[in-house]
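Have a look at the structure below, then the notes.
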Amino acid sequence: MTRLARCVFVLILLMGAASAWFLRSTHGAEDTRADEAAVRKAYADKVREGYHFTFAKGNISMPGNAAAEGGDFLETSAFPDAEYCGHCHQEAYHQWRQALHSNSFRTPFYRTSVNVLLRTKGVQFARHCDSCHNPIAVLGGAMDPGSNLDRLFDRDGLTCTTCHSIQSVQSKLGNGGFVMGVPAVLVDEAGKRIPGIVPDAEILAHLDRHSKAVMQDIYRTPEFCAACHKANLPPALNDYKWIRAFTAYDEWQNSKFSNRNPLTFYTADFTTCQGCHMKRAPNTLQEPGAKNGTFASHRWAAGNTAVPFYYGFDEQLDKTVEFLKSGNYLNVDIFGLQIGDDPQVIAPLGTVPVTLHPNDLIEALVVIQNKNIGHSLVPEVRDLYEAWTQFTVTDSSGAEIYKSGFLRPDGTLDPGAHSFTNRPVNVVGDFVDNHMVWAIHSVAYDNSIQSGRSALVRYRFHLPPSLKGPITLRAQVNYRHLRQTYLNNIFGPDHPAYPVVEIASRSRTLNVGDNPPAGAAPDDNQDWMRWNNLGIAYLDQLQYSDSIHAFEQVTRLRPDYKDGYINLGLTYIEWEKYDEARQPLEKALALHPDDARALYYLALVERRARHSEAEVADLEKVVAQFPQSRDARRELGISYYQQHRAEEAIEQFKALQAIDPDDLAAHYNLAILYRRKGMKREAEQEAALYAIKRIDPGAPTYSLDYLRKHPEISNESVPWHIHQDAPGPTQSAGGGSK
C-alpha cells in the first residue's frame, strides 16, 4: 500500500468513526449508554448459554480472580486496540509494543507451559493464568471449550485499554485481582464513561474528560501492580490445597521501601513499584502524556531479556540490560578467608593483613547483599529464572585454580553453582518442569535473597604447591532469563544462546606471602556495614554464635548505631536466649527512645519473662507507629489473646487480615475466638481457611525424595554449605538441572 493510500485509508476510518460518534452524540448520551448496555447483555447472554462454570456458578474467571463491573462478560470488541491509542500516544505505544506486557500471551515461553495445562486439564483451568496474561480472553468468555471467538486480541496481551480500564483492585487476592470497567476513552459532562471508539478530535477537545476516563489514582500505587504480581495456586487448580506461588507485592511491603515494616535491617525513602519500573525519561516521539519533556516508562524494564531477544527488540533488550547493570542493586563482598583448620575468619579483607602459602586450603566467604531491590533476588517464577554466583580463582597468568558457577558446553549451569532459585517438586518427588504449577506439592529449597538481606556463599579450594605469584579472587552475580533446560524444552537443544547479564561483581588480588591492609575500594561498604551484612547472612543460615560475633563488631565500630544492638537482641531471641537479648535492646532504646524495631523485640523478651503489661505496652507503641506492620499486629493479637482480651485480640487479627488475608496465625486464632463467642459460622470459615492454607505435613517428604534423587544439588537445601574444589557429577538436561 502506498503512503497516499494509507493516508486515504486512515482518513476513511476517522471519518467513519466521526460519523458514528455524531450519530451516537445526537442520539443522546443516556440512550447511547442504554444501547451499549443492551449490546453487552446480548453478548453476555449468548456466551453464558454454553459457558462452563466449572468451579463456581456465575464465576467467569475462577480459578483466577479477574472480574468486570456488573459481574458479567465483556465483548472482546469493546476493547479498542493499541493502534487506536497509538495515533496520539506514539511514545507509549512504541515502548509498550516491545515490553513484556504487550507480549504477555503470545510468547513461546508462556505458551509452552500454559499449553500443557490446556492439554492435561482443560482450557477452563487456564483462566487462572490468563486472568493476568490475557484478561480480554477471560472476561470475553473465550476461555471455554466451546468458544469460537475471533482471537485477534491475543497478539496484544495486556493492551492499553486493559490496564487503563481497571476501576478497582483486590490486591490482596492476586491472580488478576482487579475489576474491569467497560473500556472507555472519554467521559461525558457528568463524568460517566462513554464506551467505544471516540474520534481523535473529540478527545483533543476534551483532554480533561479523556484523562478522567483512562487514569485512576490507583494506577500509581503498588496495590495496582499487586493485582497480578501476587499469585497463589488454589485447590480448584491443583486438586490439592492452597499454595503461595509468588508475591512480589508482599516482599515489597515487607521491604524498607514500603516504610510499613519496622523490622527491616536498613531504612530507605518510600519507593513504589512504579518508582523503579516506570521511571520517567525524556520522550523522543509524540506523547501527550509527557510532562515537562519526560514520560513514565511503559517498557517496565525489569529482568525479562528473553522476550526482546526472541523477537529481535534490540532497543528493549538494551534498556533491560542497562537496567540490570545500572548500579547498586546488589553488593558483592569477598569478605574474608579461613585458612587450613584455623576457625578464625581473617576479615574484613582489605582492612586486615593476611598471609598465604602455597598448598594452603582456603575457604573464601562471599557476602551477597540484596541492597536496593524492593523484592527478592529472584522474584516470582524462580523455577524458570536463573541467577547465580560465579566464583573464580586465577593465578598471575590467568590460569584457573578454582571455578564454580560456570556454564557447561551445552549451556546448562554447573550443578554445583550457588543459585538464587528454587526447586518445586510434585507428589512423587520429581522436579516440576515446564512451570506446571498445578503439580507443585512442595519446594525442595529456595535460595532467593529477600530485600535488604544478605546471603553468605562459601568456596573451599587448594592453592597449588608450586604457586609463586599473586592470585585473583573474583565473585560475580549473573542472571539469565530463562534457564537453559527450559529453553531446550521450548526450542530443542539447537537455539541461540540467550543473554547472560552480570549484575554485580567484586575482585581481590592477593599475594603469596604477606598482604598488608590495602584499603577499601570506592564501591565497598564501610567495614561496619560489611560486618552487619555478614551477621544478617549468618542469622539466616542459623549460625547464631557467628552472627553474634559479627554484630558485636558492628557495635564496636559504630557504638552510636542503634540497629547494631537490635540485631544482637534479635539474634539472641532467635537463639532462644531471651535474658541475653534484653541488655542490647535496652541499649538501643537508650540511643533512640521508642524505636519501633527495638520495642517489638523487647516485647518478645517481656512475654517470655511474663511481664504482660510491658509486653502489650511495647507492641501498642509499635502498632501506633506502624499500623500496617503485619508482625506487630499479629503479636499484639496474640498478647491480647493470652490476657483473655478477646475483643481486642479479634480487632488485631482482623486488621492483620486486611493487610495479609493469608496469615495463618490470624485464621487459627480467629477460629478459636469466634467459637468461644458462639459465632459458629465465622469460626468454621476461619478454621477451613487455616486448614487449606497451612503447609501439608507430608510435603517435606516429597522434597526429601527429590533431594535423594539429586545428590549433586542437595547441598543447596542446607542453610549453610560449602562449595568444594571438586565439581558435582554431570547432570542430564532433564528435570532438576540448573
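The values are calculated or read from the model by the stated rules, or taken from the named source; none is laboratory data. Note that this is a predicted model, so its numbers are computed, not measured. Please note: Cβ atoms are built from the backbone with ideal geometry, for glycine as well, and neighbour counts cover all protein chains shown. Quick note on the areas: whole protein, heavy atoms, side chains included, nothing else; ligands and nucleic acids left out. Shrake-Rupley method; radii C 1.70, N 1.55, O 1.52, S 1.80 Å.
Are there any chymotrypsin sites (Phe, Trp or Tyr not before Pro) in the stretch 178-276 that are in a DSSP loop and have at most 11 other Cβ atoms within 10 Å? List them by number.
Loop-located and lightly packed - Phe270.
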Distant-in-sequence amide H partners of Ala518 (H built 1.01 Å from N, under 5 Å): Gly350, Thr351
Folded to 0 to 90 degrees: helix 3-27 orientation relative to the chain principal axis, Cα: 70
Relative contact order (percent) for the stretch 592-698, with alpha-carbon contacts under 8 angstrom and 6 or more residues of separation? 16
Tabulate in residue order the Karplus-calculated ³J(HN,Hα) for the stretch 230-237, using 6.51 cos²θ - 1.76 cosθ + 1.60 with θ = phi - 60°, rounded to whole Hz; enter x for Gly and Pro. 7, 8, 9, 10, x, x, 4, 8
Which whole-number percent is the relative contact order of the chain (Cα, under 8 Å, 6+ apart)? 11
May I ask you to evaluate 6.51 cos²θ - 1.76 cosθ + 1.60, the Karplus curve with θ = phi - 60°, for each residue of the stretch 477-486 and list the ³J(HN,Hα) values in order in whole Hz, giving x for glycine and proline? 9, 9, 9, 9, 10, 10, 5, 4, 5, 6
Just the number please: accessible area per residue for the chain, 1.4 Å probe, all protein chains included, in Å². 43
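Normalised by the number of residues in the stretch 77-230, what is the relative contact order in percent for Cα pairs under 8 Å and 6+ residues apart?
Reported as a whole number, the value is 23 percent.
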Once amide H atoms are placed 1.01 Å from N in the peptide plane, what residues at a sequence separation of 5 or more from Glu386, or on another chain, have their amide H within under 5 Å of its amide H? Arg480, Arg483
Under Karplus coefficients 6.51, -1.76 and 1.60, residue-wise ³J(HN,Hα) of the stretch 61-66 in Hz, glycine/proline x: 10, 4, x, x, 10, 4
Once amide hydrogens are built 1.01 Å from N within the peptide plane, the residues lying 5 or more places from Ala68 or on another chain with amide H under 5 Å from its amide H are Met180
Counting each DSSP H run of 4 or more residues in the chain as -39500 (n - 2.57), what helix-only mean residue ellipticity at 222 nm follows after dividing by all residues, to the nearest 500 deg cm²/dmol? -12000 deg cm²/dmol
Rounded to the nearest 0.05, FRET efficiency between Arg220 and Phe53 (Cβ-Cβ, R0 22 Å) equals 0.05
Restrict the search to the stretch 547-604; then list the trypsin sites (Lys or Arg not before Pro) that DSSP places in a loop and that have at most 15 other Cβ atoms within 10 Å of their Cβ. Lys577
Roughly to the nearest percent, how much of the accessible area of the chain is carbon and sulfur, given a 1.4 Å probe? 55
Tell me, how many Å apart are the Cα centres for the stretch 49-88 and for the stretch 533-571? 52
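Expected output is a single nm value to one decimal: the length gained when fully extending between Glu189 and Gln642, i.e. 0.36 nm times separation in residues minus the C-alpha distance. What is it?
On the way: separation 453, 0.36 × 453 = 163.08 nm, distance 5.70 nm.
157.4 nm is the gain from fully extending Glu189 to Gln642.
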Could you size up the charge dipole of the chain around its Cα centre, putting +1 on the beta carbon of Lys and Arg and -1 on that of Asp and Glu, and report it in debye to the nearest 20? 820
Along the positive direction of the dipole of the chain (beta-carbon charges: Lys, Arg +1; Asp, Glu -1; about the Cα centre), which of Ile692, Leu263, Leu117 reaches farthest? Leu117
Please name which of Leu407, Thr355, Leu330 has its Cα lying farthest along the dipole of the stretch 330-454 towards the positive end, using unit charges on Cβ (Lys, Arg +1; Asp, Glu -1) and the Cα centre as origin. Leu330
Over all pairs of distinct alpha carbons, what does the Kirkwood formula give as the hydrodynamic radius of the chain, in Å? 28.6
With respect to the cross-link table entries Lys57/Lys172; Lys241/Lys680; Lys212/Lys241, which display a Cα-Cα separation exceeding 30 Å? Lys212/Lys241
Test of understanding: extend the Cα→C-beta vector of Ser396 to 7 Å, then name every residue of the stretch 354-369 with backbone N under 20 Å from that spot. 354-360
Pop a pseudo-label 7 angstrom from the Cα along the beta-carbon direction at both Ala518 and Thr112 and give the gap in nm to one decimal. 4.1
